[in-house]
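A single structure is presented below for examination.
What follows draws every value from the coordinates through simple rules; no lab data is involved. Everything numeric in this text was worked out from a predicted model, so none of it was measured. Heads up, the Cβs are rebuilt from the backbone with ideal geometry, glycines too, and the neighbour counts pull from every protein chain shown.
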Amino acid sequence: MEATPLAPDADSSRTQFWVKRWERGKLPWDLGHVPPDLISFLDRHRAEPLDVLIPGCGSAYEVRAFHAAGHDVMAIDFSGPAVAHAREILGGLGDKVVQGNFFKHDFGDRRFGLVYERGFLCSLPPARWPEYVARISSLLAPGGLLMGLFLYGEEPEPPPYPLNDTLAAELLGPHFHLRTSQAAAADTVPVYQGMERWQEWLKGEAPDTTR
Ligand SMILES: C[S@@+](CC[C@H](N)C(=O)[O-])C[C@H]1O[C@@H](n2cnc3c(N)ncnc32)[C@H](O)[C@@H]1O
């Protein structure tokens, strides 16, 4: 996970990188609807309402799905055009979307039971990944869940920056244990095709089943 210096306009950790794409409508990651894996998760888990955070939310289709399932959801993106687009899509739920930098936003005392991932981790240069994990870990309540669609494989021209099993274990293993991992439903965008896995990482160590 070496930090490779990036030219400013190739550095996907910068707001301008993303604003440019939103302004040009160049959104190859945008699915246009809620991923089917999230719909089936919400159908299967009708437990108590959770505080849900969606970092790097883009169009934020998922806000409506979490809200409809009874959860209190907040989405955040630092690109102004992304936030405007999401608010337009969400109508009356538009105030669930905040414009801000996930790494700098003041969340106050709010701690989340669930952080939803799709297309955010892989949008960040790997040098930022430890910061992502530390931030999510600190925003999750004890026993909280980091879940969603994670990108695995090879990408000759990143972003996206996919994970592999070794990196995922190094990065997330010290803070989370992997409860579920399966190939995503086939319904995705061409740039993520065959690379997405639905994963559920629970904060904390795996329960000791030997006792
Ligand atoms: C590849 S898009 C994915 C959007 C969305 N999650 C989806 O699945 O369609 C990545 C998004 O993350 C946003 N983003 C990148 N870094 C961010 C940061 N530090 N804070 C907030 N948003 C960020 C970008 O503006 C962009 O909209």
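By how many nm would the segment from D9 to D165 grow when fully extended, if each residue of separation counts as 0.36 nm and the alpha-carbon distance is taken off? If you can, show how the numbers build up before the last one.
Numbers: separation 156, 0.36 × 156 = 56.16 nm, distance 2.93 nm.
So the extension gain works out to 53.2 nm.
Could you work out the equivalent-ellipsoid semi-axes for the chain, taking the square root of 5 times each eigenvalue of the Cα gyration tensor, largest first, in whole Å?
Details: eigenvalues 115, 95, 59 Å².
So the equivalent ellipsoid measures 24, 22, 17 Å along its semi-axes.
Rounded to the nearest Å, what's the spacing between the alpha carbon centres of the range 182-201 and the range 120-147? Just the number, please.
Their Cα centres are 19 Å away from one another.
Quick one: what do you get for the range 100-154 if you divide its Cα Rg by 2.2 N^0.38 Å?
Dividing the Cα radius of gyration by 2.2 N^0.38 Å gives 1.16.
What's the long-distance tail for the range 89-211, i.e. % of Cα pairs beyond 18 Å?
57
While we're looking at this one, here's another question. Any idea what the dipole of the chain comes to, in debye rounded to 20, about its Cα centre with Lys/Arg Cβ at +1 and Asp/Glu Cβ at -1?
On the way: 20 positive and 28 negative charges, 75 e Å.
The dipole of the chain has a size of about 360 debye.
Using θ = phi - 60° and the Karplus relation 6.51 cos²θ - 1.76 cosθ + 1.60, list the HN-Hα couplings for the range 167-180 in order, rounded to whole Hz, with x at every Gly or Pro.
4, 4, 5, 5, 7, 9, x, x, 10, 9, 10, 7, 8, 9
If one computes the Cα centroid of the range 40-59 and of the range 62-99, what distance in Å separates the two points?
12
Moving to a separate point now. What does the charge add up to near L139, with Lys and Arg as +1, Asp and Glu as -1, over the other residues with Cβ less than 15 Å from its Cβ? Provide the component values of the computation, followed by the final result.
Details: positive: K104, R110, R111, R135, K203; negative: D51, D72, D106, D109, E117, E131.
Charge balance in the 15 Å sphere: -1.
Okay, moving on. Starting at the first residue of the range 90-100, write each ³J(HN,Hα) from the Karplus equation 6.51 cos²θ - 1.76 cosθ + 1.60 with θ = phi - 60°, in whole Hz, x for Gly and Pro.
Whole-Hz 3J(HN,Hα) from phi for the range 90-100: 8, x, x, 9, x, 6, 7, 9, 10, 8, x.
Next question, about the same structure. Just to check I understand the Karplus step: with θ = phi - 60° and J = 6.51 cos²θ - 1.76 cosθ + 1.60, what whole-Hz values come out for the range 24-31, glycine and proline as x?
Calculated HN-Hα couplings, in order: 7, x, 8, 10, x, 7, 7, 6 Hz.
What aspartates and glutamates could a cross-link reach from K104, if we take a straight Cα to Cα line under 20 Å and drop same-chain neighbours fewer than 8 places away?
Within the straight-line limit of under 20 Å, K104 reaches these aspartates and glutamates: D11, D51, D77, D95, E117, E131.
A follow-up question, please. In the chain, if the dipole is taken from +1 on Lys/Arg beta carbons and -1 on Asp/Glu beta carbons about the Cα centre, which of I39, V191, F112 is farthest to the positive end?
Result: F112.
Suppose R0 equals 30 Å; then what is the FRET efficiency for I89 and A186 from their Cβ-Cβ distance, rounded to the nearest 0.05? Mind showing how you got there, number by number?
Numbers: r = 24 Å, r/R0 = 0.79.
The pair I89/A186 has a calculated efficiency of 0.80.
Now for a different question. Apply 1/(1 + (r/R0)^6) to the Cβ-Cβ distance of E154 and D72, taking R0 = 35 Å, and write down the FRET efficiency to the nearest 0.05. Please list the in-between numbers first.
Working: r = 38 Å, r/R0 = 1.08.
According to the calculation, E is roughly 0.40.
What is the set of long-range amide H partners of I76 at a cut-off below 5 Å, with H atoms built 1.01 Å from backbone N?
I54, G56, C57, V98
Quick one: which residues, 5+ away or cross-chain, put their amide H under 5 Å from the amide H of G204? H built at 1.01 Å from N.
Here F176, H177 satisfy the definition.
What full-extension length gain, to one decimal in nm, is calculated for Q193 and H45 as 0.36 nm per residue of separation minus the Cα-Cα distance?
Numbers: separation 148, 0.36 × 148 = 53.28 nm, distance 2.63 nm.
Gain on extension, Q193 to H45, equals 50.7 nm.
Next question. Please compute the contact order of the chain in relative form: average sequence separation of alpha-carbon pairs under 8 Å and at least six residues apart, divided by the residue count, as a percent. Before the final figure, lay out each step's value.
Numbers: 360 pairs, mean separation 41.1, N = 211.
Reported as a whole number, the value is 19 percent.
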